[in-house]
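The values are calculated or read from the model by the stated rules, or taken from the named source; none is laboratory data. These numbers come from a predicted model, not from an experiment. Glycine gets a Cβ as well: all are built from the backbone with ideal geometry, and neighbour counts include every protein chain shown. To get the accessible areas, we keep the full protein, side chains included, count just its heavy atoms, and leave off ligands, DNA and RNA. Shrake-Rupley method; radii C 1.70, N 1.55, O 1.52, S 1.80 Å.
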Amino acid sequence: QVLNSLKRETESRISAGTKHNLLLAGQIMLITSLMLLLFLFLLLFRPQTFYDFRSVLFVLLMMLMMVSLAMLVLRYTSLSVYIVPFAILPIIVRTFFDSRTALFVHIITVLLISFMVPNPFEFVLLQLTIGMTAVYSLKDLTQRSQLMQASLLIVLTYCLIYLSYSLIIDGDVNKINWTVFFYFLINGLLLLFAYGLIYIFEKL
């Protein structure tokens, strides 16, 4: 009985280890594929950016910053991930590059983060729409008032898309999590720091 128990335990641990290795392999393949898509986009459509080491490094550091912020909020706080101002990524990238690059970088980053969040489809739906809103509402960033208008529009988009999605899924106003709207408001306020970050990045 002792030997049979040891056998079962050993087999379960081997199975768990195999499952963990397969999970890790899947994650590596996914991240590699998404990053490959990003580099192919830069190579084919933005070669001047692709061959500029500082530009590529800047884009990768911005993506890493957003992924790290999302991971920290999800793992070490009880806050909603929607408090993270993800729209700051397309805003800053749009300022230094162009709208198409900004939107593509934002999409890749959102897809990377979506595998960490509790509700991936809701997250992707919200972040893609606010990414588009950020790119379209901010043609250039010459005045702080333009960023305030963009932030307001982003918050309104967040609220509208989330409300619409909640009504479709739950079909009941009473089941809507109204606390999330508070996080959207904080998100919009945090976006105002983009102006200062852009100034810092310009100096760097």
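Some points to look at:
- Checking every residue in segment 119-126 against the condition of being under 22 Å from MET148 (Cβ atoms) and open to solvent by 10 Å² or more (accessible area, probe 1.4 Å) gives zero matches.
- Residue list for segment 69-98, restricted to those being among the hydroxyl-bearing types (Ser, Thr, Tyr) and open to solvent by 40 Å² or more (accessible area, probe 1.4 Å): TYR76, THR77, SER78, THR95
Matching residues to (1) assigned to a helix (DSSP H, G or I); (2) touching a Cys at 6+ places or on another chain (Cβ under 8 Å); (3) modelled with pLDDT under 95; (4) open to solvent by less than 90 Å² (accessible area, probe 1.4 Å):
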{"position": "ARG8", "(1), (2), (3), (4)": "yes, no, yes, no"}
{"position": "HIS20", "(1), (2), (3), (4)": "yes, no, yes, no"}
{"position": "GLY26", "(1), (2), (3), (4)": "yes, no, yes, yes"}
{"position": "LEU30", "(1), (2), (3), (4)": "yes, no, yes, yes"}
{"position": "SER33", "(1), (2), (3), (4)": "yes, no, no, yes"}
{"position": "LEU36", "(1), (2), (3), (4)": "yes, no, no, no"}
{"position": "PHE39", "(1), (2), (3), (4)": "yes, no, no, yes"}
{"position": "LEU42", "(1), (2), (3), (4)": "yes, no, no, yes"}
{"position": "LEU60", "(1), (2), (3), (4)": "yes, no, no, yes"}
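- LEU79 fulfils the conditions (1) of a type in the set (A, V, I, L, M); (2) part of a loop (DSSP other than H, G, I, E, B); (3) closer than 19 Å to LEU40 by Cα except for a single criterion, (3).
- Exclusive hit being surrounded by 21 or more Cβ atoms within 10 Å (Cβ to Cβ) and over 30 Å from GLN48 (Cα atoms), set TYR158, TYR183, TYR165: TYR158
- When each of LYS175, LYS203, LYS139 is tested for being under 24 Å from LEU74 (Cα atoms), basic (Lys, Arg) and at pLDDT below 95, the lone residue that passes is LYS175.
- Qualifying residue in segment 102-111 (condition: at pLDDT 95 or above and farther than 26 Å from GLY196 by Cα): yes
- In segment 173-201, the residues that are outside any helix (DSSP H, G or I) reach residues that are not aromatic (Phe, Trp, Tyr) with C-beta atoms within less than 6 angstrom, at least six apart or across chains, in these pairs: ILE176/SER166.
Residue-by-condition table, conditions (1) in contact (Cβ under 8 Å) with a residue 60 or more places away in the chain; (2) closer than 30 Å to ASN177 by Cα:
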position	(1), (2)
LEU30	yes, no
LEU44	no, no
ARG54	no, no
THR77	no, yes
VAL84	yes, yes
PHE96	yes, no
LEU112	yes, yes
PHE115	yes, yes
GLN127	no, yes
